[in-house]
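For reference, the structure is listed below as structure tokens.
The values are calculated or read from the model by the stated rules, or taken from the named source; none is laboratory data. Since we're looking at a predicted model, the values are computed, not measured. Using ideal geometry, Cβ is built from the backbone for each residue, glycine included, and neighbour counts are taken over all protein chains shown. These accessible areas exclude ligands, DNA and RNA; they are computed on the full protein's heavy atoms, side chains included. Shrake-Rupley method; radii C 1.70, N 1.55, O 1.52, S 1.80 Å.
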Amino acid sequence: MSSETSSTPNGGESVPTSKPDRLYKVAFDLPDETADWAHASSERLWTGKTSVQMEVEIRNTPFYVKGIAFGDIVRVRADHERRELVFEQFVSEAGHSTVRIIIKDDDARAALDAKLRSFECSWEIDSTGYLWAIDVPPHVDYASMRAALLRVADEGKIGIEEGALARAHRDGLGLPDSAR
């Protein structure tokens, strides 16, 4: 991250400010069954540089890729034929989890929005408006959040997929490490 200085509004001392990081898209090839459903062979996620060459930090929440969450570090490689960076290997988790919701009942949207806000989550919605990719930050009591979402799912209003569960969230549910 580069830095520059800026004057304070009251004309006081200069304080350092940060320029936004430059982001890069990385292609994550999807398994055939996911690619068929997504109508795409890969999903491209925004990433930012790290201090390690060819390792990047995930900067958005995936709609289709499994085992990856916001803030995770992954290794990439340059695919010269495709002319893009391509996911090679998971390196480390950042403590965030990825949960995906499919809206089955339009009336569930407002309640789901309020519920996610109460848990301090952020999310992205695909172009159809029915698939939501939710970032669950490390501080969230995921067991409580999951129970609340499952109640809505049991009513048939949403479908849920846990795309990536961080260690602390797995531990809170009593799940093994293999459940990432």
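Can you compute the helix-only [θ] at 222 nm over the chain? Use -39500 (n - 2.57) per DSSP H run of at least 4 residues, normalise by all residues, nearest 500 deg cm²/dmol. Numbers along the way, then the final one.
Details: 4 runs with 38 residues, N = 180.
Counting only the DSSP helices, I get -6000 deg cm²/dmol.
In this model, which of Lys49/Lys104; Lys49/Lys157; Lys66/Lys104 are farther than 28 Å apart at the alpha-carbon? Spell out each step's value before the answer.
On the way: Lys49/Lys104 37 Å; Lys49/Lys157 39 Å; Lys66/Lys104 22 Å.
As for pairs spanning more than 28 Å Cα to Cα, those are Lys49/Lys104; Lys49/Lys157.
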**Complete:** Rounded to the nearest 10 degrees, the helix 108-118 long axis (Cα) sits at an angle to the longest Cα principal axis of the chain of 50 degrees
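Rounded to the nearest percent, how much of the accessible area of the stretch 66-116 (1.4 Å probe, protein heavy atoms only) is carbon and sulfur? Intermediate results must be reported in sequence, preceding the final value.
Working: 1290 of 2660 Å².
Taking all protein chains in place, the stretch 66-116 shows 49 percent carbon and sulfur surface.
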**Item:** Structure-derived Cα Rg over 2.2 N^0.38 Å - corresponding label in [x] 1.18; [y] 1.56; [z] 0.98
**Value:** [x]
**Asked** Roughly how tilted is helix 142-154, in degrees to the nearest 10 and between 0 and 90, from the longest Cα axis of the chain?
**Response** 40 degrees
**Message:** If exposed means no more than 13 neighbouring beta carbons inside 10 Å and the site is in a DSSP loop, what's the longest run of the chain without any exposed GluC sites (Glu not before Pro)?
**Reply:** 14-80
**Asked** In a shell of Cβ-Cβ distance under 9 Å around Lys25, excluding Lys25 itself, what net charge do Lys and Arg (+1) and Asp and Glu (-1) give?
**Response** 0
